[in-house]
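**Q** Okay, handing you the structure first.
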Amino acid sequence: MQWRGRRQSSNIEDRRSQGGPMGASSGRGFRIPIGGGGRGSGLSFRTVIILVVLFVVLRAVGIDPLALLNGGDAGLTGQGQSTVNDTAANDEMKQFVATVLAETEDVWTKIFVADGKTYPEPTLVLFSGAVRSACGTAQSAMGPFYCPGDRKVYIDLDFYDELRRRFKAPGDFAQAYVLAHEVGHHVQNLIGVLPRFNKARQSMSQTEANRMSVRVELQADCFAGVWAYHTQQKGLLEAGDIEEALNAATQIGDDAIQQSTQGYVVPDSFNHGSSAQRQRWFSKGLQSGEMAACDTFNAASL
């Protein structure tokens, strides 16, 4: 993606130097899935707390837990050349996400204005380790998420390294797709999809809520595709960019994640959609460039 030298959004809130509060997410955020979720696959609450404490302690002393998990050289991020390299990488990544966010602002503002509406821009919060939002407190391990309560997208930029290494989804447009998906949730919030879903699922069974959640998430994928269409029309995409996004959609499908983390798939527990579904709906938005193509709620088949 040709992003260097383009406008960067000012709607960035950098909390990375603040660390983060402890505790599990208690709200209704909409996130990228990065773990299991099938029956019997969850960790105990005590184990989660221990892992969270260990994660924070390691980060506090300058050790990257993600590098340890991936078999890499964790190093001491607070010392020597490692600090210089990490800082430079983070600064460039901040510029990248600020540029992608600006591109989403331009696209969605144009779409909303064409419909006689205004587009209130979301804020992108950068954090490290853990963060508190209007949706509760969340850990980095939960992945990027959108909180409708404060209209903010939250991301620990270390997730992009995990996307590349753990999920085998490299490339800057794979990273852009993730951010565009979360901005898609913001669009859903503005048009009333998220408020209706949050109200309806209070009276749903878990299976019913999961099925409705899949439709919500697939629409956000489709909206990411709409953004990609308009970005492509600007001539900003490079060879291989679309393939990077489609690969990312495949790698973070519920079936792919469940198969890799627990060795089997439980369709009733899907809440984001299968790899094939996520690819299909991103492609629908990409091919049309129209929000009307993203009506996952009236689609007879997803």
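All of the numbers you see were taken from the coordinates with simple rules; none came from a lab. For clarity, every value in this text was computed on a predicted model and none was experimentally measured. With ideal geometry, Cβ positions are generated from the backbone for all residues, glycine too; neighbour counts draw on all protein chains shown.
**Q** Take the residue pairs Lys110/Lys152; Lys117/Lys234; Lys110/Lys199; Lys152/Lys199 and return only those whose Cα atoms are more than 27 Å apart.
**A** Check vs 27 Å cut-off fails for Lys110/Lys199.
**Q** Ok, one more. Taking the number of other C-beta atoms within 10 Å as the exposure measure, put Asp156, Asp172 in order starting with the fewest.
**A** Least crowded to most crowded, the residues run Asp172, Asp156.
**Q** Rank the residues Val178, Val214 as a footprinting-exposure proxy: fewest other Cβ atoms within 10 Å of their Cβ go first.
**A** Going from least to most buried by this count: Val214, Val178.
**Q** Then there is this: Over the stretch 186-302, one equal point on each Cα, no solvent: what is log10 I(q)/I(0) by the Debye formula at q = 0.13, 0.14, 0.19 Å⁻¹?
**A** The computed values of log10 I(q)/I(0) come out as -0.53, -0.61, -1.02.
**Q** Taking the number of other C-beta atoms within 10 Å as the exposure measure, put Trp3, Trp108 in order starting with the fewest.
**A** Trp3, Trp108
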